Amino acid sequence: MIKVRSSIRQDIPWLAQTMRPEDRDEVYAGSKDTPHKALIKGFTYSTECFTVVCPEGKPLAMFGYVAAPQDNVSYVWMLGSTELLKHRWSFLRQSREWVDYLQSKAPILTNLVDRRNTVHIAWLKWLGFKFVRVLPEYGHLKLPFVEFVRTKSCAE
């Protein structure tokens with residue numbers, strides 16, 4: 001069974017090395033960052049940052065949020081390892097409760113996802129996020145990214 005704990009800096013090298021190709025592509029397309037740099041930014045700037053770990057303790061994913069309290073908004077993110085697929089059912093069972101936790105911190109959760117990252121888009125939809133618009137030329141590579149949002153009223 002997977003577990004979720006507070007992230008530590010030592011989670012970053014393994015996760016950066018084993019990052020899903022779709023997540024790696026999304027990071028590069030949006031910011032030109034390497035997986036390592038993207039994880040460092042997430043770890044450093046998040047209000048809270050968490051790591052999903054397998055039973056052996058290896059990091060499977062990192063996620064977190066950056067709170068913008070003046071707007072009652074949190075910008076949520078997650079980057080995963082190819083190893084996460086081996087634990088997908090456990091991850092799916094727990095992910096709703098973690099998104100509810102993030103929702104308890106702000107009534108509005110939002111961010112952007114690379115339109116090519118179809119697994120994340122399907123997962124976000126399953127979690128109750130709505131897709132509000134497409135930014136046709138976003139980021140470093142000027143590719144389509146989709147803005148997603150989940151509000152307390154959507155989640156209830």
Relative contact order of the stretch 3-155, pairs being alpha-carbon contacts under 8 Å that are 6 or more residues apart, as %: 22
Taking alpha-carbon centroids only, the stretch 53-73 lies from the stretch 78-131 a number of Å equal to 10
Considering amide H positions built from the backbone, and no H for Pro or chain starts, which residues 5 or more places from Ile108, or on another chain, come under 5 Å of its amide H? Ser74
Neighbouring Cβ atoms within 10 Å as the yardstick, rank Phe91, Phe131 fewest first. Phe131, Phe91
Under 17 Å between alpha carbons - lysine pairs in the stretch 3-155 that sit 8 or more apart or on different chains: 8
Counting helices only, and only those DSSP H runs with n ≥ 4, report the 222 nm mean residue ellipticity of the chain as the sum of -39,500 (n - 2.57) divided by its residues, in deg cm²/dmol to the nearest 500. -11500 deg cm²/dmol
Packing-based exposure ordering (other Cβ within 10 Å, fewest first) of Asp71, Asp11, Asp33: Asp71, Asp33, Asp11
³J(HN,Hα), Karplus 6.51/-1.76/1.60, whole Hz, each residue of the stretch 91-101, x for Gly, Pro: 4, 4, 4, 8, 5, 4, 5, 6, 5, 4, 4
Percentage relative contact order, the stretch 62-147, counting C-alpha pairs under 8 Å, at least six apart: 24
Points 7 angstrom from Cα along the Cβ direction at Asp71 and Trp89: gap in nanometres? 4.0
Treat each spin label as a single point 7 Å out from the Cα along the C-beta direction, and report the Ser6 to Ala122 distance in nm. 3.6
Listed with the fewest Cβ neighbours within 10 Å leading, Val27, Val119 appear as Val119, Val27
What residue among Glu83, Glu48, Glu137 shows peak mean-square fluctuation when the chain is described by a Gaussian network model with Cα springs under 10 Å? Glu137
Once phi is turned into ³J(HN,Hα) by the Karplus curve 6.51 cos²θ - 1.76 cosθ + 1.60 with θ = phi - 60°, what whole-Hz value does each residue of the stretch 46-53 show in order, with x for glycine and proline? 5, 5, 9, 9, 10, 10, 8, 10
Averaged across orientations, what area in nm² does the convex hull of the alpha carbons in the stretch 1-135 project? 7.7
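Computed from the coordinates by the stated procedures, all read-outs in this text should not be read as laboratory data. All values derive from a computational prediction rather than experimental measurement. Cβ atoms come from the backbone with ideal geometry, glycine included; neighbour counts cover every protein chain shown.
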